[in-house]
1. Quick one: grab the alpha carbon gyration tensor of the stretch 52-129, order the square roots of its eigenvalues as a ≥ b ≥ c, and give me rounded if a/c is under 1.5, else prolate or oblate depending on whether a/b is larger than b/c.
2. Can you check what the Kirkwood hydrodynamic radius comes to for the chain, Cα pairs only, in Å to one decimal?
3. Excluding residues on the same chain fewer than 8 positions from LYS21, give the aspartates and glutamates whose Cα lies under 19 Å from its Cα.
4. Under 5 Å between amide H atoms, partner at least 5 residues away or on a different chain: which partners does LYS221 have, H built in plane at 1.01 Å?
5. Normalising by the residue count of the chain, find the relative contact order in percent from Cα pairs under 8 Å and 6+ residues apart.
6. Tabulate in residue order the Karplus-calculated ³J(HN,Hα) for the stretch 88-98, using 6.51 cos²θ - 1.76 cosθ + 1.60 with θ = phi - 60°, rounded to whole Hz; enter x for Gly and Pro.
7. Treating the beta-carbon of each Lys and Arg as +1 and of each Asp and Glu as -1, no other charges, what is the dipole magnitude of the chain about its Cα centre, to the nearest 20 debye?
8. Just how large is the dipole of the stretch 23-109 about the Cα centre, in debye to the nearest 20, putting +1 at every Lys and Arg Cβ and -1 at every Asp and Glu Cβ?
Amino acid sequence: SWIVETKNLKKYYRLGTHTVKALDDVNFAVREQEFVAIIGKSGSGKSTLLHMIGGLDTPTSGEVYVGDKALGKLSKEQLAIFRRRKVGFVFQSYNLVPDLNVYENVVLPIELDGKHIDREFVDEILELLQLNEKREALPNTLSGGQQQRVAIARAIASKPSIILADEPTGNLDTATSHDVMGLLKMVARQFKQTVILITHDQDIAQMADRIVRIEDGHVVKAGELDD
Ligand code: ADP
Ligand code: ADP
């Protein structure tokens, strides 16, 4: 069954008299618990697609379905709740709060949402991401790979059904990138979360269940890895 589906999705940007077709009729779907990599050159529309799926931006036309929801039918308030509860975001820049320690960063979105913190679950995530010894550490004392693992822990802690990761290894060296990706894949599997990952790195993409290629706002290949 599909957890994400886009129907005739278009996103055009107007720049003066010029129109940029960032997404031009994209039909794309992701299965529950699938780990999908979206690859394509810079400017091909990858981030725009991820932002549409995460409800960070609205399409020019077409629709995004996530679970049983048509995002275009949600009010602003409903969309904000959707982003907080159903989606976990991981970005290239880790976006950690500098004066909060690792544990505090991981539970912050749950606290801001006024929800109960499932401490056992948070402990399990920290353990799986090999951050147990770093619970009290401040972000600026951590390596890039450790900071991204904290960002992944934070994304997973609110128990979203989907993790959206935009170039999560963009600031990491090759070995660290592979480690971080391996851990992301393992925790997502453990907690039955779907992952959609943007990368321009072919080696990182190979770690996914399926690779989707985007060129100039079009999905050009959405086949299985073992096609
Ligand atoms: P990618 O993530 O593959 O690098 P993007 O989705 O960021 O691609 O961008 C797709 C196209 O849309 C590019 O031509 C980019 O310049 C353009 N674009 C993205 N965001 C905006 C914006 N806010 N205003 C105008 N053009 C934009
Ligand atoms: P990257 O570092 O991969 O370029 P950014 O950190 O710039 O990504 O984030 C991309 C956009 O998404 C930014 O405009 C940011 O404000 C927005 N954003 C990031 N996290 C969230 C969130 N949880 N909810 C809403 N918008 C967000």
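1. Since a/c reaches 1.5 and a/b is larger than b/c, the shape of the stretch 52-129 is classed as prolate.
2. The Cα-based Kirkwood calculation yields 18.0 Å.
3. List returned: ASP57, GLU63, GLU215, ASP216.
4. ARG213
5. Relative contact order for the chain comes out at 29 percent.
6. x, 9, 10, 10, 4, 8, 4, 6, 8, 7, x
7. Roughly 780 debye, rounded to the nearest 20.
8. Roughly 80 debye for the stretch 23-109.
Every number here is computed from the coordinates shown, using simple stated rules; none is lab data. As the structure is a computational prediction, the values presented were derived from the model and not from experiment. As a convention, Cβ positions derive from the backbone with ideal geometry for all residues, glycine included, and neighbour counts pool all protein chains shown.
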